[in-house]
Amino acid sequence: MKMTTISKNEFLLLCENCLKENGLSRFCEENTLLLLYKMVENMLKVNAVMNLTAITEPRDVAVKHLADSLLAAALIPESASLLDVGCGGGFPSLPLAIARPDLRITALDSTAKKTAYVADAAKLLGLNNLQTLTGRAEDLAQMPEYREKFDCTAARAVASLPILCELCLPFVKIGGKMIAMKAKLDESESTMAPQTLGASCFKRHEFTLRGAETEETRLILVAKKQKHTPKEYPRAYTQIKKKPL
């Protein structure tokens, strides 16, 4: 899909209606909507030569990328430092950086092409509150300059909850939050991992994502960091996957 299949004004109206329908009307200021449009236009242009997303239809982009990314915004404290673990094509980091200029966001991914894209997009959009970091989370979380240095982590990845916990919580300061954004939670997924890693049990926030052909449930799970993560975590990824917490 190219943005030529829908006019700029049509997409702006579509995006505004989608955000309002999902309780996100505070992000419907003209400048915010224009930046979201510019971000999507650039994403689809790059997506033609680089696999960023399979979601390319205008309504699906507005609902499943923009609104979905911004559902977590109300759970992030003002002026927080936020690490997006496994940022991929820049979700939720790019929409959050646009809608919440008070945040200091770092987009982390192990794939250099992905972080280069996010960095280029941030520059194009004039987002001074977004930087990128390339590397594996399990390695970087053991480094003093990153370990327990962030107010929040966000993860929109498809990995299981215990794996996300071990990759995210070591980055979070005591008193900070881990935010896991999930389409669904398998009954087999343990929710005990946060306690092993120094955090509270997850508080569950459930949303209905509206605007697409069918309504979809979204879960946002929040764990608060209460004490230091034991030094042995995170383990090597082979161990994390082989023996999840």
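Coordinate-derived values only; no laboratory data. Keep in mind that this is a model prediction, so the values were computed, not measured. Cβ sites come from the backbone with ideal geometry, for glycine too, and all protein chains shown count toward neighbours.
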Amide H proximity to Thr132 below 5 Å, modelled H, separation 5+ or other chain, gives Ala107
Distance in Å, no decimals, from the C-alpha centre of region 111-163 to the one of region 206-229 is 19
Extension length gain for Thr196 and Lys184 (0.36 nm per residue less Cα distance), in nm, is 2.1 nm
In whole Hz, the Karplus estimates of ³J(HN,Hα) for region 222-229 (6.51, -1.76, 1.60; θ = phi - 60°; x where Gly or Pro) are 10, 10, 9, 6, 10, 8, 4, 6
Diffusion coefficient in µm²/s returned for the chain by Stokes-Einstein, Kirkwood Rh over C-alpha pairs, 37 °C and 0.692 mPa s, is 181
The FRET efficiency for Leu124 and Ser25, from their Cβ-Cβ distance with R0 = 35 Å and rounded to 0.05, is 0.85
Under the Karplus relation with 6.51, -1.76 and 1.60 and θ = phi - 60°, whole-Hz ³J(HN,Hα) for region 172-182, x at Gly and Pro, equal 8, 5, 4, x, x, 10, 9, 10, 10, 9, 10
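Considering only the other residues whose Cβ falls under 15 Å of the Cβ of Asp151, what net charge follows from Lys and Arg at +1 and Asp and Glu at -1? Walk me through the intermediate numbers first.
Numbers: positive: Arg100, Arg104, Arg147, Lys149, Lys173, Lys177, Lys224, Lys225; negative: Glu78, Asp84, Asp102, Glu148.
Spelling it out: positives minus negatives among the neighbours equals +4.
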When the chain is treated as a Gaussian network with springs between alpha carbons less than 10 Å apart, the largest mean-square fluctuation among Leu167, Leu24, Leu83 is found at Leu24
Computed over the Cα atoms of region 1-96, the Rg and Dmax in Å are 13.1, 38
Filtered hits (aspartates and glutamates, Cα-Cα < 20 Å from Lys184, offset >= 8 within chain) -> Asp60, Asp68, Asp84, Glu166, Glu206, Glu213, Glu215, Glu216
So the FRET efficiency between Asp60 and Lys227, C-beta based with R0 = 45 Å and rounded to 0.05, is 0.65
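So which trypsin sites (Lys or Arg not before Pro) in region 206-245 are both in a DSSP loop and have at most 16 other Cβ atoms within 10 Å of their Cβ?
Working: sites: Arg210, Arg218, Lys224, Lys225, Lys227, Lys231, Arg235, Lys241, Lys242; in loops: Arg210, Lys227, Lys231, Arg235.
The qualifying sites are Arg210, Lys227, Lys231, Arg235.
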Loop-resident GluC sites (Glu not before Pro) in region 166-244 with no more than 12 other Cβ atoms inside 10 Å, DSSP not H/G/I/E/B, are Glu187, Glu213, Glu215, Glu232
Filtering GluC sites (Glu not before Pro) in region 9-87 by DSSP loop and by at most 13 other Cβ atoms within 10 Å leaves Glu29, Glu78
Within the set Ala155, Ala67, Ala54, GNM on the chain using Cα springs under 10 Å gives the largest fluctuation to Ala54
The summed charge of the Leu19 Cβ neighbourhood (under 12 Å; Lys/Arg +1, Asp/Glu -1) stands at -1
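Taking 0.36 nm per residue of separation and subtracting the Cα-Cα distance, what length does fully extending Val49 through Leu13 add?
Working: separation 36, 0.36 × 36 = 12.96 nm, distance 2.78 nm.
Here the answer is 10.2 nm.
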At 10 °C and 1.306 mPa s, the Stokes-Einstein diffusion coefficient in µm²/s for region 153-245, with hydrodynamic radius from the Kirkwood sum on alpha carbon pairs, is 116
Counting sequence-distant residues (5 or more places) and residues on other chains, those with an amide H built under 5 Å from that of Lys177 are Cys152, Thr153, Lys225
Asp109 neighbourhood, Cβ < 11 Å, K/R = +1, D/E = -1, net charge +2
